[in-house]
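First comes the structure, then the notes that go with it.
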Amino acid sequence: MNHSHTSLIICRCEEVTLEQLEAAYETGCCTSRQLKMKTRATMGACQGRVCRQLLEAWVHATSPQLPRDAELLSHRPPIRPVTFGQLAKGEV
């Protein structure tokens with residue numbers, strides 16, 4: 001199977017591809033936050049715990065002139081996943 005690099009999945013939860021990031025970038029979205037709002041990357045069930053660093057690294061590689069901390073994405077609770085069983089038992 002020969003896939004282009006643009007079909008790489010960046011955000012698994014929202015199924016955002018590199019191609020979608022590149023398209024959003026071409027429309028003027030150049031910070032992590034702008035790309036998040038345009039593509040929904042980092043807005044899935046993991047809340048960016050899996051893909052946030054990858055997205056921010058891509059932004060920095062694509063726009064090295066931007067300050068490294070320009071509109072970085074925040075972490076959203078829960079900081080770590082917990083099960084309903086743990087909540088019910090008061091283990092958290």
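The values are calculated or read from the model by the stated rules, or taken from the named source; none is laboratory data. Because the structure is predicted, anything quoted here is derived from the model rather than measured. We place every Cβ from the backbone using ideal geometry, glycine too, and count neighbours over all the protein chains shown.
State all residues of the range 22-43 that are in a loop (DSSP other than H, G, I, E, B) and farther than 18 Å from Ser7 by Cβ; if no residue qualifies, say none. Spell out how you get there, then give the answer.
Residues of the range 22-43 that are in a loop (DSSP other than H, G, I, E, B), as a first pass: 27-31, 40-43.
Those that are in a loop (DSSP other than H, G, I, E, B) and farther than 18 Å from Ser7 by Cβ: Thr27, Gly28, Cys29, Cys30, Thr31, Thr42, Met43.
Condition check: at pLDDT below 90, out of contact with any strand residue (DSSP E or B) (no Cβ under 9 Å at 6 or more places or on another chain), outside any loop (DSSP other than H, G, I, E, B) and exposed (fewer than 10 other Cβ atoms within 10 Å of the Cβ). Does Ala88 satisfy that?
Yes; evaluated as a whole, the condition is true for this residue.
If you go through the range 62-85 one residue at a time, do you hit one that is in a helix (DSSP H, G or I), at pLDDT below 90 and either of a type outside the set (A, V, I, L, M, F, W, C) or surrounded by 17 or more Cβ atoms within 10 Å (Cβ to Cβ) (or both)?
Going residue by residue through the range 62-85, those that are in a helix (DSSP H, G or I) are 62, 84-85.
Among the residues that remain, those that are also at pLDDT below 90 are: 84-85.
From the residues that got through so far, the ones that are either of a type outside the set (A, V, I, L, M, F, W, C) or surrounded by 17 or more Cβ atoms within 10 Å (Cβ to Cβ) (or both) too are 85.
Scanning the range 62-85 turns up at least one residue that is in a helix (DSSP H, G or I), at pLDDT below 90 and either of a type outside the set (A, V, I, L, M, F, W, C) or surrounded by 17 or more Cβ atoms within 10 Å (Cβ to Cβ) (or both).
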